[in-house]
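The values are calculated or read from the model by the stated rules, or taken from the named source; none is laboratory data. On a predicted model such as this, the values are computed, not experimentally measured, just so you know. Positions of Cβ are generated from backbone atoms using ideal geometry, with glycine treated the same way; all protein chains shown enter the neighbour counts.
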Amino acid sequence: MNSRMRRRGPAPGTDGKDDVTDELQDGAGVVVLAEPRGFCAGVRRAIGVVERALDRHGPPVYVRKEIVHNAHVVSMLRRRGAVFVDSEEEVPAGSVCVFSAHGVSPAVRTTAAGRELRVIDATCPLVSKVHQEARRFARAGRTLLLIGHADHEEVEGTRGEAPERTIVVESEAAAERLDLPVDTPLAYLTQTTLAVDETVGVVDVLRRRFPDLVGPGTDDICYASQNRQDAVKELARRTDLVLVVGSPNSSNSIRMVEVARLDGTPAQLVPDVTHLEPGWFAGVGAVGLSAGASAPEVLVEEVLDRLRDMGYGRVQMATVATEDVVFSLPPAVVDPRGGRT
Ligand code: SF4
């Protein structure tokens with residue numbers, strides 16, 4: 001450990017105090033902690049919705065799919081009385097049912113209404129924005145090219161806005177293979193948690209092939225995904241190994257690992273502290289640590305504690321942005337007298 005000594009320059013916009021070289025010289029391992037990391041505004045809101053639904057209605061509160069993609073969060077809410085189901089059809093008629101942060105298709109809403117479920121919608125407002133765009137482009141008669149991963153819940157929900165005219169495009173290669181007349185009126189949308197660079201490449205291919213292509217007014221990649229990816233790039237520049245705390249089904253966490261690796265630094269997804277493998281740290285002097293948008297800070301703290309025990313006792317910050325986004329809770333869990341349930 002700490003056997004490697006590299007001279008690195010200070011991070012842009014810093015005074016160089018966090019240059020890791022000194023730390024390596026005196027033999028102490030360094031952890032560079034990303035800021036921002038962990039919970040985004042959409043995840044905070046979604047967890048708050050389930051907690052307040054439990055407070056207001058008492059258990060069980062049914063939640064369609066994992067409220068956010070993190071096993072720790074799901075376990076915590078399950079202990080409080082949340083019941084997670086794969087389909088709204090599993091929810092007893094008339095029960096309280098929360099839709100997850102990833103959004104649902106109109107067909108799911110119709111089924112839920114038919115079962116007279118008392119729906120509380122925890123869809124992230126930034127996902128709802130993509131749904132609105134899908135409806136607008138579909139009304140305008142355009143075929144929708146949805147850039148994302150076909151099996152992701154968010155993509156399933158967005159595609160459901162206009163399933164007969166939506167094609168999911170998973171990669172640049174898939175964009176090259178699209179078999180459509182060159183003058184087809186098209187619109188592209190993206191899953192909110194993709195890697196920014198990856199999306200740009202797909203859009204470039206689409207623009208080259210199809211002249212009548214329009215896109216959303218602003219990028220669909222959400223601020224939280226963008227900031228966490230930017231921070232991971234900074235970690236990759238300054239450290240020998242990047243760790244991203246997040247669950248294996250967390251799309252944005254996986255993208256963060258990929259972003260670090262694309263910058264040439266080994267990176268690992270760490271669901272929790274028990275998944276740290278000593279072999280990763282051979283010759284590593286500085287460890288970068290971040291967390292996906294659905295990973296609670298307590299998991300980061302546990303990893304930090306373990307790293308300290310392993311000799312990485314010096315913590316430095318890599319701050320790339322300050323986040324102050326807060327999404328208000330839906331009216332269904334806000335007390336009409338002004339307080340919250
Ligand atoms: Fe919303 Fe972005 Fe968080 Fe997803 S990652 S819940 S889109 S803020």
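Remarks
- Number of residues in region 181-239 that are crowded, with 19+ Cβ neighbours inside 10 Å, out of contact with any Gly (no Cβ under 6 Å at 6 or more places or on another chain) and of a type in the set (F, W, Y): the value is 1.
- Of all residues in region 134-152 being part of a helix (DSSP H, G or I) and surrounded by fewer than 20 Cβ atoms within 10 Å (Cβ to Cβ), the one that is farthest from the ligand (Cβ to nearest atom): R139
- Close pairs (6 angstrom Cβ cut-off, 6 or more residues apart or separate chains): more than 17 Å from C222 (Cβ to Cβ) and in the same structural domain as V68 (by TED's automatic domain parsing) in region 38-58, more than 11 Å from the ligand (Cβ to nearest atom) and part of a helix (DSSP H, G or I) anywhere: V49/V333; V50/L77; R52/V333; A53/V333; L54/R80
- Considering residues of region 209-243 that are part of a loop (DSSP other than H, G, I, E, B) and out of contact with any strand residue (DSSP E or B) (no Cβ under 8 Å at 6 or more places or on another chain) only, the residue farthest from the ligand (Cβ to nearest atom): P211
- Criterion: acidic (D, E), in contact with a Gly (Cβ under 8 Å, 6 or more places away or on another chain) and either more than 16 Å from the ligand (Cβ to nearest atom) or in contact (Cβ under 8 Å) with a residue 12 or more places away in the chain (or both) - qualifying residue of E176, E88, E164, E116: E116
Residue-by-condition table, conditions (1) within 17 Å of the chain's Cα centre (by Cα); (2) of a type in the set (D, E, K, R):
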residue	(1), (2)
R52	no, yes
R56	no, yes
V63	no, no
V73	yes, no
V85	no, no
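- Strands (runs of 3 or more DSSP E) wholly inside region 261-330 that include at least 2 residues being farther than 14 Å from A34 by Cβ: 267-270
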